[in-house]
Amino acid sequence: MPRSNRPRRRHGEQREEEQDGFDRLLAGWKRVEVRRGVEWNVQPVSALQAQKSYVCPGCGREIGPGVAHLVTWRADGVLGDSADLAARRHWHTACWKTA
């Protein structure tokens, strides 16, 4: 029988692909971030999910279809959830990080 050249895992260790997939799954979930004392809901949008064009409020450039980006809206708005959702904005990921 030919020998296996794959490195053996220790008990309880996950493969790199398994860890990467789990991290990507967690990264795709909505989260709450605080920016300048304001709470924001942040929802990543994958390249496959991005179907329309938007204008990024950070740089003023277009976010085209098929480009991964973030959708943000206030988490602590005074006018309620429906008003906050109506005021949501699509950002380039890099623009949101520097905002």
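The values are calculated or read from the model by the stated rules, or taken from the named source; none is laboratory data. Keep in mind the model is a prediction, meaning the values are calculated, not measured. We place every Cβ from the backbone using ideal geometry, glycine too, and count neighbours over all the protein chains shown.
Of note:
- So ALA68, is it of a type outside the set (Phe, Trp, Tyr) and either in contact with a Ser or Thr (Cβ under 8 Å, 6 or more places away or on another chain) or on the phi > 0 side of the Ramachandran plot (or both): yes
- Of all the criteria given as (1) in a loop (DSSP other than H, G, I, E, B); (2) at pLDDT below 90, the one not satisfied by GLN19 is (1).
- Test: residue in region 55-78 that is outside any strand (DSSP E or B), surrounded by fewer than 10 Cβ atoms within 10 Å (Cβ to Cβ) and at pLDDT below 95: yes
- Consider region 79-99 and keep the residues that are of a type in the set (Gly, Ala, Ser) and in a loop (DSSP other than H, G, I, E, B). The one that is modelled with the lowest pLDDT is GLY80.
- So TRP73, is it touching a Lys or Arg at 6+ places or on another chain (Cβ under 6 Å) and among the hydrophobic types (A, V, I, L, M, F, W, C): yes
- Counting only residues that are in a strand (DSSP E or B) and modelled with pLDDT under 95, region 45-54 holds 1 of them.
- Pairs with Cβ under 6 Å, 6+ apart, first in region 45-60 and within 19 Å of LYS30 (Cβ to Cβ), second part of a loop (DSSP other than H, G, I, E, B) and of a type in the set (A, V, I, L, M, F, W, C): SER46/ALA68; ALA47/ALA68; ALA50/VAL67
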